[in-house]
Amino acid sequence: MKVILSKIGVLALILSLVLPTGAASASFRDVPENHWAYPYVQSMADQGIVSGVGEGLFLPDRSVSMAEFSVMIVNAFYGGYYGSSTGGAWWDGYLAKLDACGILQGLDLQKTNGQWDDQAVTDPMSRYDMALMMYQTLKAQGIMVENWAQVAQAQERISDLYSIPSRYQEAVVAMYAMGCLSGADETGAFLGYQSVTRAQACAALYRLQETIDEYNLLAQNAVSYENDWENRALRLINQVRQENGRAPLEYREELVSVARAHSEDMRDRSFYSHVNPDGQTAEDRLDKAGIAFSRCGENIAAGYPSPESVINGWMASPEYRDVILGEYDAAGVGFAAGSGDGYYWTLCVISY
């Protein structure tokens, strides 16, 4: 059965989402304090990201369209009002903003002669599309899943993983791994074809904000303590070597510089490899820096947010464990914080 809204009702729903950030918050009669979504709805309302539909109501169980969710994302992360300046539909400016940021990539919103597909934009949004938009919002902020262990754990929790269309799988797994989304039933199934309610959208954006805030805080601390993290990583490596009967590695500032330059290069040119896009290997980089050695080794990592986590990750890899415990004389750890996987690490070791 279709529910036909009056023009006033439609206008109220639109205004409940397009109010600019900073609008006055409100408490809603249909979202009392014992409602599961109360903290999420109230937080979004407090920030002016959403508001009620009039008469003290929020309508938490009403479906959200792609257009409405786009407004919520813009209000939350891009400074608020982006109404159409060309006399088009009320959502045009919001979708144009997200499209420019790459957030609508992969969605079925084909445009004809510069126009959005009205039905695709205004139909109830699926959980699949919400996951994809959230994932691409994080990517636009330079945030990715921190490590592959989290991905593996997330995959195990999604009971219907292999029925998820391929174009959505990466986004759904990433959102599980980062704690932004979870299963829709007791089995952990994602049930991506289900539509999203206003309450669910608020909960999802609340978690998305938390993820972005946490990442930004970690990144700020990482930049502030870059040298401390590099030194601490080497201290941890020597501690592990001592526990395994190996002599400590000598600290070499020149090796730190080579390692850091490779971490920065992986970040800046968006690759993850011992061989850079110019074909240079670890040996090539050491030769270029004028460092004499008889043999060398190199570990790399991306996504680990602390020295402790990256050393644990390296020790879990037989190949990288051999480098840490190998017969080497000197070492340097280089760290770079930034876009893509967020944290890039390189360990350079040499024998004289």
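The table that follows gives values for the structure above.
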read-out	value
Matching residues in segment 92-112 - criterion: being in contact with a Ser or Thr (Cβ under 9 Å, 6 or more places away or on another chain), open to solvent by less than 50 Å² (accessible area, probe 1.4 Å) and small (G, A, S)	G93
Cβ-Cβ under 6 Å pairs, at least 6 apart or on other chains, segment 159-171 side touching a residue at least 24 places away in the same chain (Cβ under 8 Å), far side open to solvent by 10 Å² or more (accessible area, probe 1.4 Å) and in a loop (DSSP other than H, G, I, E, B)	S159/T187; S159/G188; R167/G106
Cβ-Cβ under 8 Å pairs, at least 6 apart or on other chains, segment 237-252 side closer than 21 Å to S309 by Cα, far side part of a helix (DSSP H, G or I) and open to solvent by 70 Å² or more (accessible area, probe 1.4 Å)	P248/Q242
Cβ pairs under 8 Å, 6+ apart, first in segment 47-76 and within 14 Å of S195 (Cβ to Cβ) and of a type in the set (S, T, Y), second open to solvent by 10 Å² or more (accessible area, probe 1.4 Å) and part of a loop (DSSP other than H, G, I, E, B)	S65/D123
Pair list, Cβ < 7 Å and 6+ apart or interchain, from segment 132-152 residues that are closer than 27 Å to S317 by Cα and assigned to a helix (DSSP H, G or I) to residues that are of a type outside the set (S, T, N, Q) and at pLDDT 75 or above	Q150/A177; V151/V173; V151/A177
Single residue of Q200, Q119, Q115 found to be open to solvent by 20 Å² or more (accessible area, probe 1.4 Å), over 30 Å from S270 (Cβ atoms) and touching a Gly at 6+ places or on another chain (Cβ under 8 Å)	Q115
Some residue of segment 23-33 being at pLDDT below 95, open to solvent by 70 Å² or more (accessible area, probe 1.4 Å) and either assigned to a helix (DSSP H, G or I) or closer than 20 Å to Y135 by Cα (or both)	no
Listing of helices (runs of 4 or more DSSP H) fully contained in segment 248-352 that carry 3 or more residues being more than 30 Å from E214 (Cα to Cα) and open to solvent by less than 60 Å² (accessible area, probe 1.4 Å)	282-288
Hits in segment 34-58 (condition: outside any loop (DSSP other than H, G, I, E, B), open to solvent by 10 Å² or more (accessible area, probe 1.4 Å) and not aromatic (F, W, Y))	P39, Q42, S43, D46, G54, L57
Residues of segment 130-171 satisfying the condition of being at pLDDT 95 or above, surrounded by fewer than 16 Cβ atoms within 10 Å (Cβ to Cβ) and within 19 Å of T211 (Cα to Cα)	none
Test result for V173, part of a helix (DSSP H, G or I) and closer than 26 Å to A301 by Cα	yes
Segment 41-63: number of residues that are out of contact with any Phe, Trp or Tyr (no Cβ under 7 Å at 6 or more places or on another chain) and more than 16 Å from A76 (Cα to Cα)	8
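The values are calculated or read from the model by the stated rules, or taken from the named source; none is laboratory data. Because the structure is a prediction, the values reported are computed rather than measured. Every residue, glycine as well, gets a Cβ built from its backbone with ideal geometry; the counts of neighbours run over all protein chains shown. What goes into the accessible areas is simple: the full protein's heavy atoms, side chains included, and nothing from ligands, DNA or RNA. Shrake-Rupley method; radii C 1.70, N 1.55, O 1.52, S 1.80 Å.
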